[in-house]
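> Just passing along the structure, written as structure tokens.
Bear in mind that the values in this text are calculations on the coordinates, not laboratory data. Worth saying up front: this structure is predicted, and the values here are computed from it rather than measured. Here Cβ is always computed from backbone atoms with ideal geometry, including for glycine, and neighbour counts include all displayed protein chains.
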Amino acid sequence: MKTMTCREMGGDCDMEISAETSAEMAKKMTAHVMESHPEVAEKMSSMTDAEHDVWENEFHKNWDAAPEEK
Ligand SMILES: [Zn+2]
């Protein structure tokens, strides 16, 4: 289990989100953003493929850097 903040994933607050896998984290982050930051969700959904690749690279870098927790 790893914990990342909303802000680390391009969001707008310091809420901590925990997940077992990076895919689960991305899913939880997407759900949180759609609920709490509609303007960020809007921005993410209108990303170009290149911009999305940048986001994903950054996301995986932060995921790998996050400490593993029980
Ligand atoms: Zn947030």
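> Would you list which aspartates and glutamates come within 13 Å of Lys43, measuring only between C-alpha atoms, while excluding same-chain residues fewer than 8 positions from it?
Within reach: Asp12, Glu51.
> On a 0 to 90 degree scale, rounded to 10, what angle separates helix 49-65 from the longest Cα axis of the chain?
So the inclination is approximately 20 degrees.
> In the neighborhood of Glu8, defined by Cβ-to-Cβ distances under 14 Å, what is the net charge if each Lys or Arg adds +1 and each Asp or Glu adds -1?
Summing Lys/Arg as +1 and Asp/Glu as -1 gives -2.
> Whole-Å semi-axes of the chain's equivalent ellipsoid, largest first, each the root of 5 times a Cα gyration tensor eigenvalue?
Computed over the chain, the values are 19, 14, 9 Å.
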